[in-house]
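Worksheet: one structure, shown below.
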Amino acid sequence: MSADRGILSPADWRRPRVRIATRATHVILLVSLFVVGLGPILWLAKSAITPTQDTLRTPLSLWPNGMDWENLITAWTRVEIDKFFLNTVLIAAGVWAVQVLVATTAGYALSVLRPRYGKVVVALVLATLFVPSIVLLVPLYLTIVDPPLLGQSLINTFWAVWLPAGANAFNVLLVMRFFDSLPREVFEAARMDGAGNYRLFWSVVLPMSKPIIGVVSVFAVIGAWKDFLWPMLVLPDPAIQPLSVRLPALQQFIELDVFLAALAISTIIPIALFLVFQRLFLNGVGMGGAVKG
């Protein structure tokens with residue numbers, strides 16, 4: 001019975017005035033969330049196939065003079081969205097691979113292997129979250145210009161975006177907390193069967209970690225997809241710039257309807273990614289925040 005208790009008692013729900021007011025509040029909240037969350041995306045999708053004059057005169061009308069599907073074709077061909085789209089996909093894929101690799105291996109070492117000075121390392125990783133990212137911009141840029149041991153600059157290469165992305169303390173701590181919630185009995189059983197540290201990581205821990213890997217994947221790809229400042233600094237060559245950098249630079253040279261169509265195309269991957277991984281994302285958020293015991 002206690003699990004079914006809420007703010008309103010059964011006696012309150014039997015009162016017509018309370019029941020109507022509560023349901024009306026629910027409807028208003030749902031509509032508000034829909035407008036705030038999906039409104040801008042739906043307006044962008046509508047404006048992508050609307051002529052510029054219609055968008056400027058009646059921005060909330062649904063195609064008063066018909067749809068203009070040529071906007072999408074023009075954005076894909078004349079603005080060369082396909083090339084910048086491919087650049088963005090390559091950058092996001094590399095960032096995803098580096099962040100998943102670093103987060104899972106570091107989380108495994110700190111949570112499962114538990115080295116002697118693991119708590120000190122965790123404290124240092126946690127401390128980096130309190131350092132503003134803008135403070136690290138100059139030293140990180142100088143490191144990319146003259147990286148140690150390599151002897152040549154990484155400017156105008158995707159590595160300049162991929163490698164710094166691995167230093168994500170939030171993902172490391174998130175994965176570590178998830179690994180802490182995994183049953184230790186499984187690890188001990190695997191070790192008794194002769195599994196070493198690498199086999200334990202690859203065959204036991206990773207298969208149990210699909211939810212949190214999905215969460216890190218969504219964070220990594222969406223973060224890389226919308227990142228503007230760092231790619232603009234380390235990728236000055238327009239030929240290899242992502243959409244987030246190139247579209248603002250092209251805005252003054254193309255029509256509004258074509259620009260909105262290009263923006264709509266650039267939102268396809270993040271939305272599709274979340275829809276595909278939403279179950280893993282939601283499960284991972286719940287499991288990652290659990291504290292065992």
Exercise. What order, most packed first, do the peptides 31-44, 84-97, 245-258 have when packing is the mean number of other Cβ atoms within 10 Å of each residue?
Worked result: 84-97, 245-258, 31-44
For this session: Scan (i) 45, 22, 15; (ii) 40, 32, 16; (iii) 39, 35, 16 for the value of semi-axes √(5λ) of the Cα gyration tensor in Å calculated from this model and give just the label.
Result: (iii)
For this session: Measure off 7 Å from each Cα along the Cα-to-Cβ vector at R116 and A24, then give the distance between these two points in nanometres to one decimal.
Result: 7.0 nm
For this session: Taking all protein chains together and a probe of 1.4 Å, list D193, D54, D82 from the most accessible to the least accessible.
Result: D193, D82, D54
Exercise. Ranked highest first by average number of other Cβ atoms within 10 Å, how do 166-173, 213-220, 234-241 line up?
Worked result: 213-220, 166-173, 234-241
Exercise. From the Cα gyration tensor of region 1-101, with a ≥ b ≥ c the square roots of its eigenvalues, which class applies: rounded if a/c is under 1.5, or else prolate if a/b is larger than b/c, or else oblate?
Worked result: oblate
Problem set entry | Most to least accessible of M67, M232, M176 (protein chains only, probe 1.4 Å) | M67, M232, M176
Exercise. Between region 7-28 and region 190-230, what is the C-alpha centre distance in whole Å?
Worked result: 45 Å
Exercise. Under DSSP H, which helices of the chain have Cα atoms covering 18 Å or more of the helix axis and a Kyte-Doolittle average no less than -0.5?
Worked result: 16-48, 81-108, 210-226, 268-288
For this session: Quick one: pull the percent of accessible area on region 1-126 belonging to carbon and sulfur, 1.4 Å probe, ligands and nucleic acids left out.
Result: 70 percent
Seminar exercise, completed: Distance in nm between E255 and I222 label points, each 7 Å along Cα→Cβ, equals 3.3 nm
Problem set entry | Among 110-119, 259-268, 129-138, the order from most to least packed when residues are scored by Cβ within 10 Å on average | 259-268, 110-119, 129-138
Problem set entry | Extension reserve of the L149-L38 stretch, reckoned as 0.36 nm per residue once the Cα distance is removed | 35.2 nm
Seminar exercise, completed: From the Cα centre of region 111-160 to that of region 240-275, the distance in Å is 30 Å
Problem set entry | Point-to-point label distance, L90-V186, nm (Cα→Cβ direction, 7 Å offset) | 3.8 nm
For this session: Averaging sequence separations of C-alpha pairs under 8 Å and six or more residues apart, then dividing by the length of the chain, give the relative contact order as a whole percent.
Result: 29 percent
Exercise. In deg cm²/dmol, rounded to 500, what helix-only [θ] at 222 nm does the chain give when every DSSP H run of at least 4 residues adds -39500 (n - 2.57) and the total is split over its residues?
Worked result: -20500 deg cm²/dmol
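The values are calculated or read from the model by the stated rules, or taken from the named source; none is laboratory data. Treat the numbers as computed from the prediction; the structure is a model and nothing was measured. Note that we place each Cβ from the backbone using ideal geometry, even for glycine, and neighbour counts take in every protein chain shown. SASA here: full protein model, heavy atoms, side chains in, ligands and nucleic acids out. Shrake-Rupley method; radii C 1.70, N 1.55, O 1.52, S 1.80 Å.
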